[in-house]
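Peer 1: First, the structure itself, so that you have it in front of you.
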Amino acid sequence: MKEVRVGIVGLGNVGLGTLAILSENADQIATKLGFRLRVAALCSRSIASKDIPASLRDVFKTPDWRQVVEHPEVDIVAELVGGTGVAREILDAAIARGKSVVTANKELMALCGAEIWDRAIRAKINLAMEASVAGGIPIHAVLREGISGDRITALYGILNGTSNYILTEIERHGASFDSMLAEAQRLGYAEPDPSADIDGYDARAKLAILSALAFGEKITPSDIYTEGIRRIQPIDFQYAHQLHHTIRQICAARQTPDGLILSVRPSLIPQSTILAGVQGAYNAVWVRGHYGADTFYYGRGAGPNPTGVAVVSDLMRVAREIRSGSPERVSPFAHERLGEYKPISITLQRSAYYLRFRVQDRPGIIAKLAGALADQQISLDAVLQLPSENWRDLPFVITVEPATEQSVRDAIAQMASLNFLLEPPLAMPMERSL
Ligand SMILES: NC(=O)c1ccc[n+]([C@@H]2O[C@H](COP(=O)([O-])OP(=O)(O)OC[C@H]3O[C@@H](n4cnc5c(N)ncnc54)[C@H](OP(=O)(O)O)[C@@H]3O)[C@@H](O)[C@H]2O)c1
């Protein structure tokens, strides 16, 4: 049977991982497919210095991505460059030439996935993007195929390995956020500029893609309320543990009677929930369906090999589709906002909240804070204060009964005038449905 030929653009972490698997696992891939998946062209800016597997040394190599896209022997282009600049040009050029595309690019797909899919469908080419979210977890296939017959009501995820590594290390060692971030950078888990990870933007792009797939709705990153983990301190874990909870950066998309509420933010989750067991750089996705109830997916969220497996599996799927003629293609991104799953503001969310204060201690503090909460009709649940000698910087916590995000924000705004507060209160939702 005739082979299908692949051109790879971008030989960094994911590209080299993909190449190693395509080379080492070539025979088994051919057995599973019934034909060979052959690497026909390779491109990277510094291609001359790349460590190419021996079996692929004679493959056509170039630093110019256009030569891969235009190569007559390339049937599928794998875009493993990243970003929204050159990557977009590569995808556009490949689609224009009728070549199928595999991409690992969450940033680009979150921003303009719907548009790219539309172009791909019109050009009758195949597009796959499994590696773009949660590297080693085949969550696209789950949402597009495995449980696509269900009506999804909620999706929760831990989708950024760097944030999860930092939080679980703070929890384990009681060390500061800054020292755990430095450790993550030393180990290569965090970039020199860690903002995309620790401020939640990377997770936001992934949640935009997953919720589009899960709910069949057009979702963009700007629909998602996003908050990073910079303010989380070891003391927050101590208080969370007292409440039989822990803290994770939770990506959430849940249906309410009014629409879909989407957020990426540090949250308190019960220690008993399966998500609390997600440690280090692992990712997890929990999907709740109206008919099929709860399913849970867990695995490595990044790294050359897990992500490489996702890219290679996508290449195999697209190769199969090319061989079978794959007559019908449907975009995983819906085109219209139908209403039922229309994104609505986070301010409408109702939840119990954890409020952590740092104050200069003096009499009457609790009464003043309770007054601001009462003004917004928010009921106190508990007041927690661990022993401390330092009256000049005293941390303590108030938990409140379910209230709207808006009322909590209004109460916090009202507290801004209280001169005993050393910083604005830290508010985190307590996820009781997990
Ligand atoms: N890293 C992960 O674990 C992971 C997980 C899931 C998804 N992803 C996604 O996978 C994609 C790639 O990530 P990565 O970590 O592999 O990035 P990376 O290590 O920075 O690799 C990017 C590669 O693209 C090449 N490149 C950049 N501009 C180019 C151009 N104009 N022409 C040709 N080649 C160019 C670079 O070339 P040179 O090396 O020659 O300079 C480099 O080899 C991104 O979309 C990322 O979000 C990554």
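The values are calculated or read from the model by the stated rules, or taken from the named source; none is laboratory data. All of these numbers come straight from a predicted model, not from anything done at the bench. Methodologically, a virtual Cβ is constructed for each residue, glycine included, from the backbone with ideal geometry; neighbour enumeration extends over all protein chains shown.
Peer 1: Ser49 versus (1) among the polar types (S, T, N, Q); (2) more than 9 Å from the ligand (Cβ to nearest atom); (3) more than 30 Å from the chain's Cα centre (by Cα): which is the lone unmet condition?
Peer 2: Among (1) among the polar types (S, T, N, Q); (2) more than 9 Å from the ligand (Cβ to nearest atom); (3) more than 30 Å from the chain's Cα centre (by Cα), Ser49 violates only (2).
Peer 1: Further, regarding this structure: So, in the range 6-21, how many residues would count as being more than 20 Å from Val318 (Cβ to Cβ) and more than 6 Å from the ligand (Cβ to nearest atom)?
Peer 2: Residues in the range 6-21 being more than 20 Å from Val318 (Cβ to Cβ) and more than 6 Å from the ligand (Cβ to nearest atom): 1 in total.
Peer 1: Here's another thing I want to ask about it. Out of the range 59-81, which residues are under 15 Å from Ala94 (Cα atoms), within 14 Å of the ligand (Cβ to nearest atom) and either at pLDDT below 95 or loosely packed, with under 15 Cβ neighbours inside 10 Å (or both)?
Peer 2: Asp64, Arg66
Peer 1: Here are some residues: Ser263, Ser272, Ser267. Which one is surrounded by 17 or more Cβ atoms within 10 Å (Cβ to Cβ), in contact (Cβ under 8 Å) with a residue 24 or more places away in the chain and out of contact with any Ser or Thr (no Cβ under 8 Å at 6 or more places or on another chain)?
Peer 2: Values: Ser263 fails: out of contact with any Ser or Thr (no Cβ under 8 Å at 6 or more places or on another chain); Ser272 fails: surrounded by 17 or more Cβ atoms within 10 Å (Cβ to Cβ).
Result of the check over Ser263, Ser272, Ser267: Ser267.
Peer 1: Another question, if that's okay. List the strands (runs of 3 or more DSSP E) that sit entirely inside the range 252-357 and contain at least 3 residues that are more than 16 Å from the ligand (Cβ to nearest atom) and within 23 Å of Tyr201 (Cα to Cα). Talk me through it step by step, then tell me what you get.
Peer 2: Values: elements: 259-270, 282-289, 293-300.
Ranges flagged: 259-270.
Peer 1: Give Asp236, Asp314 a once-over and let me know the one that is under 23 Å from Ala120 (Cα atoms), in contact with a helix residue (DSSP H, G or I) (Cβ under 9 Å, 6 or more places away or on another chain) and acidic (Asp, Glu). Write out each step before concluding.
Peer 2: Numbers: Asp236 fails: under 23 Å from Ala120 (Cα atoms).
Step by step, each of Asp236, Asp314 is checked, and only Asp314 is under 23 Å from Ala120 (Cα atoms), in contact with a helix residue (DSSP H, G or I) (Cβ under 9 Å, 6 or more places away or on another chain) and acidic (Asp, Glu).
Peer 1: Looking only at the range 119-140, filter to residues that are more than 12 Å from the ligand (Cβ to nearest atom) and charged (D, E, K, R); which one of those is surrounded by the most Cβ atoms within 10 Å (Cβ to Cβ)?
Peer 2: Arg119
Peer 1: Given the conditions (1) within 16 Å of the ligand (Cβ to nearest atom); (2) closer than 20 Å to Gly308 by Cβ; (3) touching a residue at least 40 places away in the same chain (Cβ under 8 Å), report the number of the one that Leu56 does not fulfil.
Peer 2: For Leu56, the failing item is (3).
Peer 1: Within the range 124-139, is there a residue that is out of contact with any strand residue (DSSP E or B) (no Cβ under 9 Å at 6 or more places or on another chain) and either part of a loop (DSSP other than H, G, I, E, B) or under 30 Å from Tyr291 (Cα atoms) (or both)? Break it down stepwise before answering.
Peer 2: Taking the range 124-139 as the starting set, the residues that turn out to be out of contact with any strand residue (DSSP E or B) (no Cβ under 9 Å at 6 or more places or on another chain) are 124.
Subset that is either part of a loop (DSSP other than H, G, I, E, B) or under 30 Å from Tyr291 (Cα atoms) (or both): 124.
Yes - at least one qualifying residue is present in the range 124-139.
Peer 1: Report, ordered by the first and then the second residue, all pairs with beta carbons closer than 9 Å, sequence separation of six or more or different chains, a first member in the range 354-374 that is under 23 Å from Ala240 (Cβ atoms), and a second member that is in a loop (DSSP other than H, G, I, E, B) and of a type in the set (D, E, K, R).
Peer 2: If the second residue must be in a loop (DSSP other than H, G, I, E, B) and of a type in the set (D, E, K, R), the pairs left are Arg356/Arg231; Phe357/Glu423; Arg358/Asp393; Arg358/Glu423; Val359/Asp393; Asp361/Arg392; Asp361/Asp393.
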